[in-house]
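Participant: Mind looking over this structure? Questions follow.
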Amino acid sequence: MMRLLALTLPLFLLGCRAPEPVAAAAPAPQAHMNMLQLMRAFPFPHSNVLFDTQSRDPIGPEKKQSMVFSVYRWQDADTYAGWEGVENSALALAEMAPMLLIPRACANGLPAPVDQADWKAAVDGLVAAGEAAHKAALTKNLDEMLAVSETVVNSCSACHDKYRDVDLEGGTRCQVQAKKK
């Protein structure tokens, strides 16, 4: 009997232990902006920082006048501009891209097509473009920035060409646009 108790008691005690605490699920991300507001707040100014390197050296003589990038205008140019500003803007594109997958409305009230496969692929493309732009910015070479600009443009165009028109009032944004002949 003692042998049986010695063999079964550990098994019984294992079954009596307290249950493992269940980790609380992270709250689902919530949209606070419509798609137009999001675009104007994040990718638009940060991509412009990258595009500005096509014609201006971030540490060149015109830096004080023009390289206080749009995202950093409210801050000190010496702290937030230059190549560090370019690097940060590239990373900002990659970092913010998943925010484009949070369900939200477009400016015209239509739901953004965040569940479309091509939209998701375009978001992945924006992450990759931001990472490529960061790698180019680390070289501090304007030719590298010029070369990566096409990657950034293509990642933006992947959505813009299909889901955005030129009607700044909203128009048919977020609706699949017919291909123009």
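The values are calculated or read from the model by the stated rules, or taken from the named source; none is laboratory data. Only a predicted model underlies this, so the values are computations on that prediction, with no experimental measurement involved. All Cβ positions, glycine included, derive from the backbone under ideal geometry; neighbour counts span all protein chains shown.
Participant: Of all residues being in a helix (DSSP H, G or I) and of a type in the set (S, T, N, Q) in the stretch 138-157, which is farthest from the chain's Cα centre (by Cα)? Just the residue, please.
Facilitator: Restricting to residues being in a helix (DSSP H, G or I) and of a type in the set (S, T, N, Q), the top hit is T139.
Participant: Pairs, please: C-beta under 7 Å, at least 6 apart or cross-chain, first residue within 25 Å of V127 (Cα to Cα) and in the stretch 75-88, second of a type in the set (A, V, I, L, M) and at pLDDT below 75?
Facilitator: Final answer for the pair search is A81/M67; A81/V68.
Participant: Turning to a different aspect of this structure: Only residues that are in a loop (DSSP other than H, G, I, E, B), modelled with pLDDT under 60 and hydrophobic (A, V, I, L, M, F, W, C): list them for the stretch 36-82, please.
Facilitator: Once the filter is applied, which keeps residues that are in a loop (DSSP other than H, G, I, E, B), modelled with pLDDT under 60 and hydrophobic (A, V, I, L, M, F, W, C), the stretch 36-82 yields M67, V68, F69, W74.
Participant: At pLDDT 95 or above and out of contact with any Pro (no Cβ under 6 Å at 6 or more places or on another chain): is that true of G109 in this structure?
Facilitator: Numbers: at pLDDT 95 or above: no; out of contact with any Pro (no Cβ under 6 Å at 6 or more places or on another chain): yes.
Answer is no for this residue.
Participant: Scan the stretch 111-137 for residues that are under 15 Å from M33 (Cβ atoms), touching a residue at least 40 places away in the same chain (Cβ under 8 Å) and assigned to a loop (DSSP other than H, G, I, E, B) and jot them down.
Facilitator: A112
Participant: Within the bounds of the stretch 12-35, is there any residue that is at pLDDT 80 or above and not in a loop (DSSP other than H, G, I, E, B)?
Facilitator: yes
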